[in-house]
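Encoded as structure tokens, the structure appears first; notes follow it.
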Amino acid sequence: MASALRRSLPFALVFAASVWLASSIAATGDWDSDSWPAVSALSHGRMGDYLSAKAMMGPFSTLVQAPFAAVSGGGEELHVYRWAAFPCLLALGLLALYLARIAGRRGATPLTQVLLAALCLVNPLTIEALQSGHPEELLTAALAVGAVAAASENRRWTTAILLGLALASKQWAVIAILPALMALPERRLRVGLAAAAIVAALVLPGIVAAPGSFAEVHQHAASTGRIVTPWSVWYPAASVNTQLYHVDGTTLVAQVHQLPPVVGTVSHPVIVLLVLVVPLGLAARRGRLGLSGADAMALLALLALLRCALDPLDNVYYHAPLLLALIGWDALAPRGLPLRALAGAAIALLFRHWSLHLTDLVAYNDAYVAVVVLAGAAIAVTLFRPGRRFTAYPAAAPA
């Protein structure tokens, strides 16, 4: 009896923490205009409206949120949103337990395991994603990091399922494809094809039913336009333009930072190109495609960092996958306290607090670019440095 209670306690804590985080959400953010139409349509069984909705998130994110929205009892959108965000938080909590268990099998102390699990679920970027109305970012990040972690333990079908669901949740999950496949010691093509089949099964119905909506959403996702935010390396290239907005009979004046048209056009293709070039360059540098789990998670962290820094419309919550990858890196290669995870959480806390009280955008951008360059260089040196002794594959984990 005592043993069963001890095993169930971590799950109870994750459940309680997920409930607390969901109930603490104070605003719907973008959710009511982006995700809510699709989630509402599916939760009420209006399949035509669901398939034609232009939600930026993928179908799996909607499938996860809709049942909880349906049992919320309706009411104001904030109440429904809290229910819809809960399963995304629960997925994040399950990843926390998985990473803590992996770390324990690899020699981490109980304190390190607790810190890894706590940082995974409760951190500034989790709060930011929830308040911004993007719980699907947390769900996708949990699936992507979980796929690389499962691959590091040679769990092929778990890797395929998690990777496929991540890709069917949000487009940026393509950054996890090569790190997850490179962490597998064998049968990479089979796992990749299985993940692609899962994506096809979830995405094709929407394409067939509403090809115009699908094309419009992905065309919008592929191009950022000219607007740039201060947490982007492109910000110094922007010019300031004054625009007028008319809201309820009131004219509002806003200063908008805009990039040259070519930057908005090429930024996302550059990110996609680097997602391919960096892993293949690492494979060429090492003379083999395979990576240890820790190196694969470091590669995922580097790609997540590049994705954030090179996106003109970067947001604070975009960095949640980066922080989770750093936590996963510490879990797969535990050496005392999880310093990478702690440093990442501390930096995220600093920049989030600063972003809530922005007065000097140039200083903020300068600090952001400096941190990005230092962090990217540190990860790249770890992966690419000459003379490094590459870690062999670990034994497969017990079932």
Q: Give, in nm to one decimal, the length gained when the segment between residue 337 and residue 49 is fully stretched (0.36 nm per residue of separation minus the Cα-Cα distance).
A: 98.8 nm
Q.
From the gyration tensor of the Cα coordinates in the chain, what semi-axes in whole Å does the equivalent ellipsoid have, largest first, with each one equal to sqrt(5λ)?
A. 32, 27, 22
**Q.** Rounded D (µm²/s) - the range 59-133, Kirkwood Rh over Cα pairs, Stokes-Einstein at 37 °C, 0.692 mPa s
**A.** 239
(Q) With an 8 Å Cα cut-off and a minimum separation of 6 or more residues, compute the relative contact order for the range 250-324 in percent. (A) 33
Q | residue 273/residue 349 FRET efficiency (R0 35 Å; Cβ-Cβ; nearest 0.05) | A | 0.65
Q.
Using only alpha-carbon positions, what ratio does the radius of gyration of the range 39-102 give when scaled by 2.2 N^0.38 Å?
A. 1.27
Q | Theoretical FRET efficiency, 1/(1+(r/R0)^6), r = Cβ-Cβ of residue 385 and residue 207, R0 45 Å, to 0.05 | A | 0.55
Q: On the protein heavy atoms, probe 1.4 angstrom, tell me the percent of accessible surface of the chain carried by carbon and sulfur.
A: 68
Q) Taking 0.36 nm per residue of separation and subtracting the Cα-Cα distance, what length does fully extending residue 20 through residue 196 add? A) 59.8 nm
Q.
Using the basic label-point model (7 angstrom from Cα toward the beta carbon), what is the residue 361 to residue 377 distance in nanometres?
A. 2.8
Q) In percent, what relative contact order does the chain have, based on Cα pairs under 8 Å that are 6 or more apart in sequence? A) 19
(Q) With a 1.4 Å probe and all protein chains kept in place, how do 354, 231, 157 rank by accessible area, largest first? (A) 157, 354, 231
Q | DSSP loop GluC sites (Glu not before Pro) with at most 11 other Cβ within 10 Å: longest gap in the chain | A | 187-399
Q | Pair residue 32, residue 72: separation of 7 Å Cα→Cβ label points (nm) | A | 1.1
Q) What distance in nm separates the simple spin-label points at residue 111 and residue 286, each placed 7 Å from Cα in the Cβ direction? A) 3.1
Q: State the answer as a single residue: which of 275, 305, 336 lies farthest towards the positive end of the charge dipole of the chain, with beta carbon charges of +1 for Lys and Arg and -1 for Asp and Glu, about the Cα centre.
A: 336
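The values are calculated or read from the model by the stated rules, or taken from the named source; none is laboratory data. Just so we're clear, the structure is a prediction, and the values are computed from it rather than from any experiment. All Cβ positions, even for glycine, are placed from backbone atoms using ideal geometry, and neighbour counts span all protein chains on display. SASA here: full protein model, heavy atoms, side chains in, ligands and nucleic acids out. Shrake-Rupley method; radii C 1.70, N 1.55, O 1.52, S 1.80 Å.
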